[in-house]
Amino acid sequence: MIRYKMLGMKHETHNMKHKILNTNHKTYNMKLETKNGNMFHASGFTFQERGFTLIELLVVVFITATLTGIVTFNFSRLRAQQEISAAATELVSKIRTLQTDILAGKEVVSGTTPSAYEVVFTAGSASYRIDYITVSSTVTLETVNLTQNVRVGSLTGGSALRITSPFGKLLVDGAANRTLQITLSHATGSLSRTVTVDGISGRVSER
């Protein structure tokens, strides 16, 4: 009885070794068999290396183009905001400097005491003019070019701001106690800044 069991165990061990050999043989065939460069055949199973489909490539291109467009738009708008803000800030600074100079009686043109400064605007222009006015003459002191892509859009209340000596009184087109608004527009058409000069308080602001 024991002898028969031992023979049975040997027979099972032999079958197990045979199965392992068959498995190794199948694995070896799987590695070697290749068809068309991307198909593998082994023991009735087929494996295929899968690449990108046209739809997937189009989706990637679309997403990339969309993100690029968003970034470009935001960058362009940010640059436009910086340009028009710089132009408005410079205009306010110029007017305040002229107010300070007239109160100090500063002689910009040697040998002549100013009776007034006048800032002259023209709608649609990319610049504005600063005149130095004395008792006997008017001299163009400076022509200020606005920041790139910025223009004088609209003028409300007048087109010329005069700062008179000795107390810095503000006149708009020669009249006192008036308010002048200078709107600066960007070439994109979607951005603007307004500089307001209050002829009563003498305050200069932008928004």
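Annotations for the structure displayed:
- When Rg and Dmax are taken over the Cα atoms of region 73-115, they come to 16.8, 53 Å.
- 3J(HN,Hα) along region 97-103, derived from phi through the Karplus expression 6.51 cos²θ - 1.76 cosθ + 1.60 where θ = phi - 60°, amounts to 5, 5, 4, 5, 5, 5, 5 Hz, with x in place of Gly and Pro.
- Farthest toward the positive end of the dipole of region 55-206, out of SER192, PHE62, GLN82, is the Cα of SER192, where the dipole comes from beta carbon charges about the Cα centre.
- With a Förster radius of 35 Å applied to the beta-carbon distance between ILE200 and ILE63, the computed FRET efficiency rounds to 0.05.
- Extending 7 Å from Cα along the Cβ direction at LYS106 and again at SER136 yields two label points whose distance is 2.4 nm.
- Spin-label pair GLU90-ASN177: with each label point 7 Å from Cα along the Cα-Cβ axis, the two points sit 3.6 nm from one another.
- Each of ALA126 and THR53 was given a label point 7 Å from its Cα along the Cα-to-Cβ line. The distance between the two points is 5.3 nm.
- Order of SER127, SER159, SER136 under a 10 Å beta carbon neighbour criterion, fewest first: SER136, SER127, SER159
- In region 55-206, the alpha-carbon atoms span a convex hull of 108 Å³ per residue.
Read-outs throughout are calculated quantities, based only on the coordinates presented, and are distinct from any laboratory measurement. Note that the structure is predicted; figures quoted are calculated from it, not measured. Reconstructed Cβ throughout: ideal geometry from the backbone, glycine too, with neighbour counts over all protein chains shown.
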